[in-house]
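The values are calculated or read from the model by the stated rules, or taken from the named source; none is laboratory data. Predicted, not measured: the structure shown is a model, and the values here were computed from it. All Cβ positions, glycine included, derive from the backbone under ideal geometry; neighbour counts span all protein chains shown.
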């Protein structure tokens with residue numbers, strides 16, 4: 001056509017102008033086009049004369065018409081034409097062959113004449129019966145004992161696309177040798193053979209129709225007074241409306257079962273499109289507002305500027321959705337004043353008409369869309385907004401191009417119903433995705449981004465949040481550098497899922513870091529952490545527990561498990577304690593794997609129960625594996641199976657830690673993990689004697705100068721002469737404090753790690769504290785000087801007293 005055809009809301013079907021006359025030459029080109037034709041289709045003669053007549057067809061001619069044209073016989077049938085404005089126009093036309101001198105067959109196209117049955121002046125009963133049969137608004141035919149047609153009324157000739165004269169004496173299979181007429185012929189012979197009536201339903205396109213119909217056929221035997229079968233009758237009822245009504249109910253039921261099977265926005269949108277295409281549309285697209293597609297709260301639709309949407313799902317009866325002009329996941333926009341924008345703003349479904357200026361603007365806003373509409377002859381469109389809880393989420397387009405029937409008002413009601421159901425599922429999925437993303441972002445922000453650079457050990461870890469079938473959990477881990485080149489490793493698991501579990505995890509991780517800074521022993525740290533969880537449980541007020549939006553666990557479920565370990569690279573010893581957490585695994589340099597038999601301890605949150613520490617010696621190059629229960633536990637296997645798989649994979653852990661982490665997860669990870677998973681591997685190192693120097697000092701003020709000199713000499717020997725002054729000052733102040741306020745034994749230790757560490761230990765448990773000396777005070781400035789010179793400083797309790805330490809940055 002001329003490219004001006006667009007989408008139509010439906011097909012027109014009405015009276016044909018009586019003066020319509022079109023001549024099509026033997027080559028199929030329009031030769032004559034009169035005013036009646038212009039009135040019917042809107043084209044002027046200059047626009048169509050000389051152009052192929054096939055370009056005016058909106059659907060193929062019925063089979064009966066094509067056969068009669070090939071045989072050069074007159075035909076009368078339904079024809080689907082395309083109006084100049086894009087609408088489908090279904091009319092009944094007659095084609096009469098015109099013979100010229102060279103036996104070519106031009107055709108004269110005119111309106112189909114209604115067969116008239118003339119009524120005599122005084123009708124008899126037989127004549128009235130004939131009139132009834134002829135004018136009955138039901139297709140009726142009569143067949144003899146050989147299933148050959150005897151007569152038929154006007155409706156039947158329309159359906160079959162042939163006159164009675166053309167069909168008389170023929171069987172159905174001879175009249176139309178294509179399925180399903182073979183089945184109809186078989187049923188007719190069954191009725192003639194058995195003398196029993198048959199009822200049959202079928203949906204299909206009759207030879208004289210351009211649209212499919214649902215047919216209900218009653219095949220009844222005709223018997224004489226003796227009961228002998230003398231023939232049969234066929235009464236065919238058009239039950240298309242009832243068929244589509246049942247079909248709509250089936251689609252609605254299917255939508256209830258299939259839409260919303262998962263909490264995934266894309267999957268839910270795809271289910272909506274799939275149900276619609278399977279049920280009543282040829283091409284369906286689901287566009288979500290950009291904010292919704294990103295998982296955020298829906299933004300109001302602005303009426304004065306274009307709206308950007310994301311193509312979330314699309315389905316077609318054609319493989320690959322060739323009608324689509326926007327790929328799945330891509331974005332497009334709705335221009336102001338177009339039907340999509342009006343539907344979004346109004347919040348109601350619409351069936352835009354082909355003459356709608358906004359529809360034309362919408363089509364022409366994209367050259368690809370205009371080309372697709374013309375190429376696939378998209379003739380009917382519905383646009384229904386996705387709305388849930390009073391908020392607009394997006395827009396669904398329903399289109400037809402293969403089905404010739406236009407969408408009806410009932411179709412629009414059906415579309416609004418299934419879209420409304422899908423919208424609730426989409427909104428639930430969106431809210432779930434938003435909460436999960438928030439919880440995951442919160443949890444990831446609270447976890448370490450990368451392993452710290454440590455001399456004491458190499459660390460690698462993996463964190464996997466729970467799959468899409470469950471909320472993110474409260475697993476956490478941490479690597480905490482301690483004084484004296486020591487390192488603390490912690491792995492924990494909070495009871496519950498969602499934002500509440502992530503928030504609780506953040507509080508516990510912060511608490512562990514704070515308690516680790518105080519240098520508490522592992523069992524003491526867990527005791528303090530247990531008290532914190534008990535307090536958190538008590539702080540959960542009843543209004544918080546009763547609010548379903550918070551999704552907090554019940555008081556009896558508040559709790560966590562935790563494993564805390566401290567490794568000292570100087571002594572090569574690791575002290576650890578656990579609170580209801582799975583035991584760690586240790587791999588020796590020789591590849592021997594053993595799970596440490598630590599006292600299990602109660603989970604955090606029970607309160608009042610003791611924890612116990614265990615100290616183990618680790619050879620240099622040993623591997624320590626800490627994990628959460630999600631790695632080894634699964635619904636479809638015993639925990640011992642998971643532990644054995646972990647043991648087997650750790651036995652071959654001589655390679656890089658990152659590769660070992662990946663290999664362990666590939667082998668040990670359950671097929672469908674239901675909980676978060678943390679795996680942390682740490683390969684130990686040791687600080688040799690060249691990196692550590694220790695001096696035992698007498699409880700004598702004279703020891704201060706000797707300690708200062710020894711420290712200066714050692715720092716210079718390490719090549720850190722630039723740090724000797726600061727080292728002497730710090731050693732002097734710390735040893736002076738130990739001599740003045742402490743008790744024997746007094747020990748000075750220097751450690752060269754990533755920093756220069758100065759430690760002074762004594763037998764007193766009194767902890768020092770920083771204070772600001774007044775103008776006339778003679779003392780109180782020592783720790784202030786240490787704090788000014790050192791990068792970090794602090795104190796920790798030991799089994800024999802305390803240790804005060806300070807760290808200096810290494811000179812470049």
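Taking into account only those residues within the range 529-552 that are assigned to a loop (DSSP other than H, G, I, E, B) and touching a helix residue (DSSP H, G or I) at 6+ places or on another chain (Cβ under 7 Å), which is modelled with the highest pLDDT? Residue satisfying both the conditions and the ranking: 540. Among the residues here, residue 423 qualifies as under 21 Å from the mean Cα position of the chain (by Cα), surrounded by 24 or more Cβ atoms within 10 Å (Cβ to Cβ), assigned to a helix (DSSP H, G or I) and modelled with pLDDT of 90 or more. The helices (runs of 4 or more DSSP H) found wholly in the range 168-258 and carrying at least 1 residues that are touching a residue at least 40 places away in the same chain (Cβ under 8 Å) occupy 181-194, 240-258. The sole residue among 608, 601 that is assigned to a loop (DSSP other than H, G, I, E, B), in the same structural domain as residue 457 (by TED's automatic domain parsing) and crowded, with 17+ Cβ neighbours inside 10 Å is 601.
The selection criterion, being surrounded by 15 or more Cβ atoms within 10 Å (Cβ to Cβ) and modelled with pLDDT of 90 or more, holds for residue 487. Candidates 760, 747, 775: the one that is under 19 Å from residue 788 (Cα atoms) and at pLDDT 90 or above is 760. Tally the residues that are surrounded by fewer than 16 Cβ atoms within 10 Å (Cβ to Cβ), closer than 23 Å to residue 416 by Cβ and touching a strand residue (DSSP E or B) at 6+ places or on another chain (Cβ under 7 Å), restricting the search to the range 306-347. Residues flagged as surrounded by fewer than 16 Cβ atoms within 10 Å (Cβ to Cβ), closer than 23 Å to residue 416 by Cβ and touching a strand residue (DSSP E or B) at 6+ places or on another chain (Cβ under 7 Å) within the range 306-347 amount to 1. Looking only at residues that are at pLDDT below 85 and in contact with a helix residue (DSSP H, G or I) (Cβ under 9 Å, 6 or more places away or on another chain) in the range 49-67, which one is surrounded by the fewest Cβ atoms within 10 Å (Cβ to Cβ)? Among residues in the range 49-67 that are at pLDDT below 85 and in contact with a helix residue (DSSP H, G or I) (Cβ under 9 Å, 6 or more places away or on another chain), the one surrounded by the fewest Cβ atoms within 10 Å (Cβ to Cβ) is 60.
The set of residues in the range 14-71 being over 26 Å from residue 404 (Cβ atoms) and part of a helix (DSSP H, G or I) consists of 35, 45, 46. Residue 526 satisfies every condition listed in (1) modelled with pLDDT under 90; (2) part of a helix (DSSP H, G or I); (3) in contact with a strand residue (DSSP E or B) (Cβ under 7 Å, 6 or more places away or on another chain) except (1). Please work out if residue 513 is under 30 Å from residue 691 (Cα atoms), surrounded by fewer than 19 Cβ atoms within 10 Å (Cβ to Cβ) and modelled with pLDDT of 85 or more. Taking the combined requirement at face value, the residue satisfies it. Reported count of residues in the range 662-702, each being surrounded by fewer than 20 Cβ atoms within 10 Å (Cβ to Cβ) and part of a helix (DSSP H, G or I), is 8. Among residues that are outside any loop (DSSP other than H, G, I, E, B), in contact with a strand residue (DSSP E or B) (Cβ under 6 Å, 6 or more places away or on another chain) and assigned by TED's automatic domain parsing to the domain that holds residue 533, residue 640 is not included. The residues of the range 264-282 that are crowded, with 20+ Cβ neighbours inside 10 Å and not in a helix (DSSP H, G or I), listed by number, are 280, 281, 282. A single entry from 383, 399 fulfils the requirement of being touching a residue at least 24 places away in the same chain (Cβ under 8 Å), in a strand (DSSP E or B), over 23 Å from the mean Cα position of the chain (by Cα) and buried (at least 19 other Cβ atoms within 10 Å of the Cβ): 399. Only one of the numbered conditions (1) over 34 Å from the mean Cα position of the chain (by Cα); (2) farther than 30 Å from residue 759 by Cβ; (3) free of Cβ contacts under 8 Å to residues at least 24 places away in the same chain is violated by residue 596, and that is (2). Selection over the range 790-812 of residues that are over 22 Å from residue 522 (Cβ atoms), surrounded by fewer than 20 Cβ atoms within 10 Å (Cβ to Cβ) and modelled with pLDDT of 85 or more gives a count of 2.
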